[in-house]
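The values are calculated or read from the model by the stated rules, or taken from the named source; none is laboratory data. Computed from a prediction, not measured in an experiment: that's the story for all the values here. Virtual Cβ from ideal backbone geometry, glycine too; neighbours counted across all protein chains shown. These accessible areas exclude ligands, DNA and RNA; they are computed on the full protein's heavy atoms, side chains included. Shrake-Rupley method; radii C 1.70, N 1.55, O 1.52, S 1.80 Å.
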Amino acid sequence: MGTRVSVEQHRDDVERLLAGLVGSGSPGDGADGGPSRPTGAHAEAVTVAEALGRVLAADVAAPGPLPRFRNSQMDGFAVRAADVAEASAGTPVMLPVAGEVAARPGRPEPLAPGTAVRIMTGAPVPEGADAVVPVEDTDLGTFNRTGGRPPTARTGRESPLVTAGAGPGDESVATDTVRIRVPRAAGDFVREAGSDVATADLVLRAGTVLAPHHLAAAAACGIGELPVRRRVRVSIVSTGSELVAPGEPAGPGQIWDANAVALAAAVRSAGGVVVVAERVGDDEDAAREALRRAAASADLVITSGGVSQGAHEVVKDVLTDVVFRPVAMQPGGPQGLGRLDGTPVLTFPGNPVSTQVSFVVFLRDVLRRAGGLPPVGEPRATLGPEGVPAAGLTSPGGRRQFLRGRVSDGVAGDGAAGRPAPAAGTSPGGARRPVVDVVGGPGSHLVASMAAADVLIDVPADVTRLGVGDEVTVLPL
Ligand SMILES: Nc1nc2c(c(=O)[nH]1)N[C@H]1C(S)=C(S)[C@@H](COP(=O)(O)OP(=O)(O)OC[C@H]3O[C@@H](n4cnc5c(N)ncnc54)[C@H](O)[C@@H]3O)O[C@H]1N2
Ligand code: MOO
């Protein structure tokens, strides 16, 4: 065992070990403090359908205008606004209907003055037309076959339009007409090309975590692939002959492997991708093989267990290019960092809370930065009364302690144990500080209690006592 190092020192060493994964183009690297371009090695193209949840690696500009062409906002009639300027319910304007434009491939004929064309929502507005009259504002009311004028009133044509006789007895040249009851101004119900986004305008900003509405915009622009940050490939090896997979029966002396699941989930939520997740017993040869397989396909290997002072510390025994040393923290004291076949390796202690705390303290933000995500942040909070003895909390001097806590947004609890509840504090900027209560004990095996927590309470190494109302830093889980 090496000499005890501080959390800060170990964190710096982890960052140095993983510097190659982070590269340039992390949030905040840009000249204006905004996101910048990642280097080629840190970006890849994926189809727009696969891009959900990925981090955009570069700004995306519109390759063309949206809408692509001038189109109708309503089902109705495309007209010249000047032709219907005098329309009213009492004196409708009657226009011959020259045809129909639907939302279909093709280009419509220009509109002749003094005529109208039936037009459907999204269909291109013909040249010469500058307004659309919704069908509800005409004598038709609707184009629906079932919802319009009663069949008896129809002319027998597909569209129930009034017949305006072209000449006595000459039904064959009857012209469809429409009576328009509402005046319209130029531009009414017309969606201009480029009114959403113009060619070359920014549609999606680098650094965006792509959600469905971002993908919709890209797809609408005709973009089939998006440049995204490459995800860090992580292998996870949990060690211990006592471990069995969750869902399998556990015999005497066996326990279910919580750490492989916890670490894989933590990696994914920090933007990484898990390429190998293996469980190995305390057999050195098997562990060596598993670790080499894990290192071969990954940018980083994380192990759990096998690093303290026992007789079967397989991780310690196998990884010769790793420095094992105690870090001045609890939980998560025994740590190691180094390489296997050139791949960076971090070894986390096996106690399940220790493994999870190690990830949050040493790796979470490095992975996030590598994937183009911002750090989680470490807000301040006021210590509430729950879980705090009357004499205050004690913490071992010389070790940074990470207690489990639950944050409430206002005044804490009800003054447990007869003590007054603290008022939520106020930060120097005037922002209201949340209250955090301690949940569960400090033991590093209390994995179920940890599920009740939503933060870690960070108790500095030089603080040995904490009281209700004290200000603390919390690390969101
Ligand atoms: N003599 C000493 N003993 C211990 C020390 C020490 O300094 N001197 N440190 C203690 C601390 S602190 C920790 S943390 C643990 C670290 O132990 P290991 O990393 O070697 O882990 P294991 O011995 O394999 O397991 C510890 C504990 O956690 C359980 N475990 C392991 N893996 C999993 C898993 N995947 N899922 C759920 N639970 C797991 C395991 O059964 C043990 O109970 O060492 C202390 N001892
Ligand atoms: O460091 Mo161990 O993680 O205290 O239990």
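Below, the figures for the structure above:
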{"item": "Every pair of residues 6+ apart whose Cβ atoms lie under 6 Å, when the first sits in the stretch 231-247 and is without any contact (Cβ under 8 Å) to a residue 40 or more places away in the chain while the second is of a type in the set (V, I, T)", "result": "E242/I255"}
{"item": "Positions within the stretch 288-297 being touching a strand residue (DSSP E or B) at 6+ places or on another chain (Cβ under 6 Å) and either at pLDDT below 95 or open to solvent by 10 Å² or more (accessible area, probe 1.4 Å) (or both), in sequence order", "result": "S297"}
{"item": "Residue in the stretch 304-315 that is within 11 Å of ligand 1 (Cβ to nearest atom), of a type in the set (D, E, K, R) and free of Cβ contacts under 8 Å to residues at least 24 places away in the same chain present", "result": "yes"}
{"item": "Which listed residue, of V48, V55, V14, is modelled with pLDDT of 95 or more and more than 23 Å from L202 (Cβ to Cβ)", "result": "V14"}
{"item": "The one condition in (1) of a type in the set (K, R); (2) farther than 30 Å from V228 by Cβ; (3) in a helix (DSSP H, G or I) that R293 fails to fulfil", "result": "(2)"}
{"item": "The lone exception for G53 - which of (1) open to solvent by less than 20 Å² (accessible area, probe 1.4 Å); (2) within 30 Å of R229 (Cα to Cα) it fails", "result": "(1)"}
{"item": "Residue match in the stretch 78-85 (condition: within 40 Å of the chain's Cα centre (by Cα) and open to solvent by 30 Å² or more (accessible area, probe 1.4 Å))", "result": "no"}
{"item": "Long-range neighbours under 6 Å by Cβ, at least six apart or interchain, first residue at pLDDT below 95 within the stretch 349-375, second open to solvent by less than 10 Å² (accessible area, probe 1.4 Å) and in a helix (DSSP H, G or I)", "result": "none"}
{"item": "Residue satisfying condition, being on the phi < 0 side of the Ramachandran plot and either at pLDDT below 95 or surrounded by fewer than 17 Cβ atoms within 10 Å (Cβ to Cβ) (or both), within set P105, P65", "result": "P105"}
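Results for (1) outside any loop (DSSP other than H, G, I, E, B); (2) at pLDDT 95 or above; (3) touching a helix residue (DSSP H, G or I) at 6+ places or on another chain (Cβ under 9 Å); (4) away from ligand 1 (no atom under 12 Å from the Cβ), shown as yes or no for each residue.
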position: G222; (1), (2), (3), (4): no, yes, no, yes
position: P227; (1), (2), (3), (4): yes, yes, no, yes
position: I236; (1), (2), (3), (4): yes, yes, yes, no
position: E248; (1), (2), (3), (4): no, yes, no, yes
position: I302; (1), (2), (3), (4): yes, yes, yes, no
